[in-house]
Amino acid sequence: MTMPGDAPKGYSFYGGPFSNFASSPIRLPHPFPLEDDEQCIYPSVEHRFQAMKANDREEHDRIAVRGTPGAAKRAGRALKIDAAAWDARAYDVMVEALRAKFQDVWFREWLLATESEYIYEDSPTDAVWGLWNEKEKAWTGKNQLGKALMQVREEIQNTERFRLEGTTCRSHPKESRGAGEAMTDQAPPKPDECCDDLCDKRGSGYCRCGSRHYGYTLAELGAYGEEARQEAIKDRIDILGMGVPWIP
């Protein structure tokens with residue numbers, strides 16, 4: 001969605017795989033457990049986020065099973081809550097839900113495809129979770145969702161990216177490494193020689209074994225200008241995101 005004014009550099013989104021409305025079942029501890037370690041499955045991040053506003057188990061469970069993320073959002077907003085107390089913990093609730101969402105390998109690939117780009121939601125109506133401030137007609141929103149996504153991305157990059165879990169890369173049989181060892185020093189094979197099902201051939205350019213195989217980094221694309229870099233990011237996200245439902 002295009003807003004007036006000079007949009008900041010980075011990856012912007014409204015809907016799609018980074019949206020809290022994306023179909024992404026997650027499992028997290030029940031906030032009102034009947035027994036120790038009780039878990040609850042939520043159809044989307046939005047379901048978890050809104051259900052966490054609940055004052056009791058009945059309210060929570062009613063929101064957690066709503067038919068769509070939009071219905072969960074409306075139900076959560078209808079609750080009578082301590083707004084100040086909720087605002088103080090809302091960001092942490094969001095980050096917890098996003099960590100669960102991006103444990104899924106496909107969602108994780110989409111997030112890592114943005115590399116180090118600034119991420120922001122260009123919602124036309126939400127100046128808290130998005131970057132656009134409709135009242136000021138400027139990009140002065142808090143961008144809380146973008147910040148939460150970048151926080152989770154950094155956590156994943158610091159713990160998982162370019163690392164093996166004791167597996168062997170089929171394209172590099174002589175270069176098998178142990179768990180936790182980087183493989184970024186290898187010469188990239190041709191795309192059709194990649195790691196079979198271990199490799200993402202659909203646009204991110206990263207082998208699941210941890211090697212950088214083909215394509216350009218976003219920094220390299222920068223030499224061709226900002227427009228080229230933006231198109232590369234969107235291409236990666238669009239290719240990776242094919243077939244993933246986004247339910248309003």
Practice item. Can you confirm whether the stretch 53-69 contains a residue that is of a type in the set (A, V, I, L, M) and either touching a Cys at 6+ places or on another chain (Cβ under 7 Å) or loosely packed, with under 12 Cβ neighbours inside 10 Å (or both)? Key: yes
Point to revise | Residue satisfying all of: in the stretch 130-156; assigned to a loop (DSSP other than H, G, I, E, B) and out of contact with any strand residue (DSSP E or B) (no Cβ under 6 Å at 6 or more places or on another chain); nearest to Ala100 (Cα to Cα) among these | key: Lys142
Exercise for review: Answer yes or no as to whether Gln103 is modelled with pLDDT of 95 or more and under 27 Å from Ala54 (Cα atoms).
Suggested key: no
Point to revise | Failed item in (1) assigned to a loop (DSSP other than H, G, I, E, B); (2) at pLDDT below 95; (3) under 19 Å from the mean Cα position of the chain (by Cα), with Met3 passing the rest | key: (3)
Study note, to complete from the structure: By residue number, the members of the stretch 22-51 that are more than 18 Å from the chain's Cα centre (by Cα), part of a strand (DSSP E or B) and not hydrophobic (A, V, I, L, M, F, W, C) are Pro29, Gln39
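The values are calculated or read from the model by the stated rules, or taken from the named source; none is laboratory data. Being a predicted model, the structure only gives us computed values, none of them experimental. Virtual Cβ from ideal backbone geometry, glycine too; neighbours counted across all protein chains shown.
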